[in-house]
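To start, the structure under review is shown below, and the notes come after it.
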């Protein structure tokens, strides 16, 4: 079901066999005509919500996850904050939408929640400066970087521990007109506040991250960058309700199975 929201945002939806982007305004959706990353127009009448399913807001070619980007999280993990951004790739098949269940593959392993602000790229880019990065960003959305800590602790790289199917909740919508540098970011587990940070605490801000990553690889429209998590990460269990709340955005809610 489409959630109410008070700022214009962009979502991706399915009705029957049709998949489409739409603008979301106060709980109503207005179907997009044209390229979502170009100069689209929107229908003036809202689309009836009956039978509409909310999907992940984009279908990226790649997901780039940034680690240890909040000093308090680095401290709680017993690690030294990096001198330059630390990142790895997550499988796009790990994506799930708002309202979809997170599935734990190994119940005897420790699996943790990690609330994160996600950057969505809007234009093809390579070797872009931090000062120019904003022109290549489509918008921002809520995400989680679910992690199998047991596997992560046994390997020197993080891709496998973070790329299981359902390990990247994303959405529900992309906010295209928001300043990412001073937003509260919280995670609630079964209604209890577990993470409570602010994007101003990032070691490397969104523009720096986008620029840095673009010096290593070409970023394409729809690509997603997870910008790191604040302190307070903790284990999840079957039956948990996880809610990511980022200031100015619709909440991202997922159950654990």
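Descriptive notes on the structure:
- Of the strands (runs of 3 or more DSSP E) lying entirely inside segment 1-92, those containing at least 1 residues that are in contact with a strand residue (DSSP E or B) (Cβ under 7 Å, 6 or more places away or on another chain) and farther than 24 Å from residue 247 by Cβ are 9-15, 18-25, 28-33, 52-54, 86-90.
- Of the residues making up segment 130-165, those that are within 16 Å of residue 213 (Cβ to Cβ), assigned to a helix (DSSP H, G or I), touching a strand residue (DSSP E or B) at 6+ places or on another chain (Cβ under 6 Å) and at pLDDT 95 or above number 1.
- Residue, nearest to the chain's Cα centre (by Cα), within segment 150-162, restricted to residues that are in contact (Cβ under 8 Å) with a residue 60 or more places away in the chain and surrounded by fewer than 20 Cβ atoms within 10 Å (Cβ to Cβ): 159
- Hits in segment 35-58 - residues which are crowded, with 17+ Cβ neighbours inside 10 Å and under 19 Å from the mean Cα position of the chain (by Cα): 36, 37, 54, 55, 56, 57, 58
- The test for being farther than 23 Å from residue 8 by Cα and touching a residue at least 24 places away in the same chain (Cβ under 8 Å) does not hold for residue 184.
- Each residue in segment 74-105 was checked for being crowded, with 18+ Cβ neighbours inside 10 Å and in contact with a helix residue (DSSP H, G or I) (Cβ under 9 Å, 6 or more places away or on another chain), and 4 of them qualify.
- When 198, 190, 254 are checked against the criterion of being more than 17 Å from the chain's Cα centre (by Cα) and either closer than 22 Å to residue 10 by Cβ or in the same structural domain as residue 105 (by TED's automatic domain parsing) (or both), 190 stands alone in meeting it.
The values are calculated or read from the model by the stated rules, or taken from the named source; none is laboratory data. As the structure is a computational prediction, the values presented were derived from the model and not from experiment. Positions of Cβ are backbone-derived with ideal geometry, glycine not excepted, and every protein chain shown enters the neighbour counts.
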